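First up is the structure itself, then whatever we jot down about it.
The values are calculated or read from the model by the stated rules, or taken from the named source; none is laboratory data. Computed from a predicted model, the values in this text were never measured in an experiment. Because the Cβ atoms are built from the backbone with ideal geometry, glycine has one as well, and the counts that use them run over all protein chains shown. Protein only, heavy atoms only, side chains kept; ligands, DNA and RNA dropped before computing areas. Shrake-Rupley method; radii C 1.70, N 1.55, O 1.52, S 1.80 Å.
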Amino acid sequence: MNGDHMVLGSSVTDQKAIILVIILLLLCLVAIAGNGFITAALGVEWVLRGMLLPCDKLLVSLRASCFCLQWVVMGKTIYVLLYPTAFPYNPVLQFLAFQWDFLNAATLWFSSWLSVFYCVKIATFTHPVFLWLKHKLSEWVPWMFFSSVGLSSFTTILFFIGNHSIYQNYIRNHLQPWNVTGNSIWSYCEKFYLFPLKMITWTMPTAVFFICMILLITSLGRHMEKALLTTSGFREPSVQAHVKALLALLSLAMLFISYFLSLVLSAAGIFPPLDFKFWVGESVIYLCAGVHPIILLFSNRRLRAVLERCRSSRCGTP
């Protein structure tokens, strides 16, 4: 489900695992609904007005990639349940893995660039380089978009080459699906090619994301301290705004690191394929993916306003 080809001739027979699979599918539906709403809301505004704020362009790109990623996850989950003994590198799973690798990499890069944008625009550091970036960053949004797509495409092709090489070796040697783990080519490719490639692909945008989050949280923390010194306490609107912003950033950072660590543990083979622990790891990954758009909906004023309008129109109120 996350590009780590886990169909190794076993089947999902554990009742607890089946429950987790159902939970996983429900989380995907929640994520699809949340990401779809954000993508539609910002997309309609973009079409009607013919323009969108630079940060919202990155945000709609991020949510659109997450929206598509959840559909791929659901497709792969259903395929695994229907064909639990399928060879993990067969053409269907290669096709799904190709989409997953691209969309997951794009999601990580869009998240990192969005964190860069928020950090530069919101943080109040006075270093000359930082001030120069604040002035120039909006012009770089198209470059951020195309670099995300380009880097994701490049790494996806590298993943496909490794996966396809394993499949070709399987065809040439007439191996059985359940013997894939004993295949020396598979073992070598997974350990010395695919796993290092995953670590590089995932770690680079994650590092950028957390550096920006740390800088932004530090800046907001300093502002909150100054606000507390000049006001009567936490009930002041300015202090409450800083507290809400800090809580939102901390929650997003925690979700991001949970997502990243779950990906790494899954890629490292810590969770046995189709085992209960495997589905626990998958559920953690997509719980984060499902909660993220919900936090955005309630922390973003414009998205919250669109949500309120939808509620009002549904209830028949003007």
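Here are a few things to note about the model shown:
- Residue 154 being open to solvent by 70 Å² or more (accessible area, probe 1.4 Å) and modelled with pLDDT of 85 or more: yes
- Scanning the range 27-41 for residues that are at pLDDT below 85 and either touching a Leu at 6+ places or on another chain (Cβ under 8 Å) or among the acidic types (Asp, Glu) (or both) yields a single hit, 27.
- Given (1) closer than 21 Å to residue 259 by Cα; (2) surrounded by 14 or more Cβ atoms within 10 Å (Cβ to Cβ); (3) modelled with pLDDT under 95, index of the condition residue 186 fails: (1)
- Within the range 27-81, tally of residues that are open to solvent by less than 10 Å² (accessible area, probe 1.4 Å) and of a type in the set (Asp, Glu): 1
- Selection status of residue 105, closer than 23 Å to residue 54 by Cα and either touching a residue at least 12 places away in the same chain (Cβ under 8 Å) or crowded, with 17+ Cβ neighbours inside 10 Å (or both): yes
- Out of 257, 217, sole residue that is in a helix (DSSP H, G or I), at pLDDT 80 or above and surrounded by fewer than 16 Cβ atoms within 10 Å (Cβ to Cβ): 257
- Taking every residue in the range 32-44 that is closer than 15 Å to residue 292 by Cβ and pairing it with any residue that is buried (at least 17 other Cβ atoms within 10 Å of the Cβ) and among the aromatic types (Phe, Trp, Tyr), at least 6 positions away or on another chain, the pairs with Cβ-Cβ distances below 6 Å are 35/67; 36/67; 39/67.
- The lone exception for residue 162 - which of (1) at pLDDT 85 or above; (2) under 26 Å from residue 284 (Cβ atoms); (3) among the small types (Gly, Ala, Ser); (4) out of contact with any Phe, Trp or Tyr (no Cβ under 6 Å at 6 or more places or on another chain) it fails: (4)
- Every pair of residues 6+ apart whose Cβ atoms lie under 8 Å, when the first sits in the range 116-142 and is within 15 Å of residue 56 (Cβ to Cβ) while the second is open to solvent by 60 Å² or more (accessible area, probe 1.4 Å): 137/121; 141/57
- Test: residue 317 is at pLDDT 75 or above, of a type in the set (S, T, N, Q) and open to solvent by 40 Å² or more (accessible area, probe 1.4 Å): no
- Only one of 125, 98, 130 that is under 17 Å from the mean Cα position of the chain (by Cα), open to solvent by 20 Å² or more (accessible area, probe 1.4 Å) and not basic (Lys, Arg): 98
- Selected residue (only one of 69, 24, 20 is among the aliphatic types (A, V, I, L, M), in contact with a Phe, Trp or Tyr (Cβ under 9 Å, 6 or more places away or on another chain) and at pLDDT 85 or above): 69
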